[in-house]
Every structure is written in C-alpha cells, then in structure tokens.
1. How much length, in nm to one decimal, is gained on full extension between residue 15 and residue 142, taken as 0.36 nm per residue of separation minus their Cα-Cα distance?
2. Which one of 59, 40, 11 has the biggest mean-square fluctuation once the chain is modelled by GNM with Cα springs under 10 Å?
3. Just how far, in whole angstrom, is the range 78-139 from the range 6-22 if you go by their alpha carbon centroids?
4. Relative to the longest principal axis of the C-alpha atoms of the chain, give the angle of the C-alpha long axis of helix 112-142, reported between 0 and 90° and rounded to the nearest 10°.
5. Roughly speaking, what is the stretch gain from residue 38 to residue 88, that is 0.36 nm per residue apart minus the C-alpha to C-alpha distance, in nm to one decimal?
6. To the nearest 500 deg cm²/dmol, what mean residue ellipticity at 222 nm is calculated for the chain from DSSP H runs of n ≥ 4 alone, each contributing -39,500 (n - 2.57), summed and divided by the residues?
7. With label points built 7 Å along Cα→Cβ from the Cα atoms of residue 28 and residue 109, find their separation and express it in nm.
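Every read-out reported here was derived from the displayed coordinates using simple, explicitly stated rules and does not represent laboratory data. A quick note: this is a predicted structure, and the numbers were derived from the prediction, not measured. Please note: Cβ atoms are built from the backbone with ideal geometry, for glycine as well, and neighbour counts cover all protein chains shown.
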C-alpha cells in the first residue's frame with residue numbers, strides 16, 4: 001500500500017474515532033439523561049453505548065497502527081511513531097474504562113461516594129481518550145505525505 005493510501009485509511013479511522021467519541025460524550029449521553037424516564041435507565045443505555053465506543057476506538061486505533069507499520073518513507077515512518085504513541089494511549093484508556101472502571105461503576109450504584117469517584121475517573125479517561133483521538137486526527141489532517149509539503153492527488 002502506498003504512503004498516501006495509508007494516510008487516507010489512517011485519517012478516515014481517526015475521523016471515525018474522534019467523531020463517534022465526540023458525539024457520544026457531548027450529545028448522545030446528555031440527551032439520554034435528559035429524555036429517558038430515569039437516571040438508571042439512561043445509565044444502563046449509556047453503558048452499552050460506551051462499550052460500543054470502546055470497540056470503535058480499538059478498531060480504529062488498530063487500523064491506524066497497521067497503516068503505519070512497515071512504511072518505507074522516512075518522513076511517514078517518523079510521523080507514524082509519534083501517532084502510535086497517541087493511538088496506544090487512547091486504546092489503553094478505552095480498554096481501562098471498559099474492563100477496569102465499568103464493572104466498578106456498576107458495583108458502586110448503591111454507594112454515592114464510590115459512584116462519584118469511579119465516574120470521575122471514567123470521565124478523566126474519556127477526556128484522555130478524546131485528547132488522543134484529537135491529537136491523532138489533527139496530526140493526520142495537517143501533515144504532508146510526500147515530503148515536499150503537498151498531499152498527493
């Protein structure tokens with residue numbers, strides 16, 4: 001696969017990751033709590049959506065990592081190393097939320113103080129994931145592919 005094709009697949013994946021995460025956190029989940037009859041129903045639905053978002057993040061992250069695996073162009077390879085750091089931290093954040101925090105949030109439903117703590121940690125990790133997706137998308141959107149400051153046709 002040529003460098004510009006790799007770049008396009010990575011850009012598409014980063015766009016999907018950032019866009020789905022942004023829409024979920026900024027629009028969908030707040031609307032669930034606003035319009036569903038109870039916070040527990042909204043929380044249950046939000047948990048399912050966050051699980052789906054985890055797998056979107058992992059899938060998109062893997063596509064980005066594969067796009068920059070074994071590239072010949074030194075400039076693309078150097079950029080790929082920087083992007084890999086952002087992507088790996090973003091994927092780890094998503095997996096930590098899913099496998100470490102989500103079970104604790106469910107278990108803490110009866111304890112308001114513990115629930116606040118686990119939600120705060122979850123919110124922090126979602127922010128970390130969003131920042132990683134943002135940095136990845138930003139770098140892919142601005143960086144030239146061909147080494148001469150131009151995007152290929």
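1. Details: separation 127, 0.36 × 127 = 45.72 nm, distance 1.31 nm.
Additional length available on full extension: 44.4 nm.
2. 40
3. About 17 Å separates the Cα centre of the range 6-22 from the one of the range 78-139.
4. 20
5. Numbers: separation 50, 0.36 × 50 = 18.00 nm, distance 3.58 nm.
Fully extending the segment from residue 38 to residue 88 adds 14.4 nm.
6. Computed mean residue ellipticity for the chain: -26000 deg cm²/dmol.
7. Each label point is offset 7 Å from its Cα along the Cβ direction, giving 2.1 nm.
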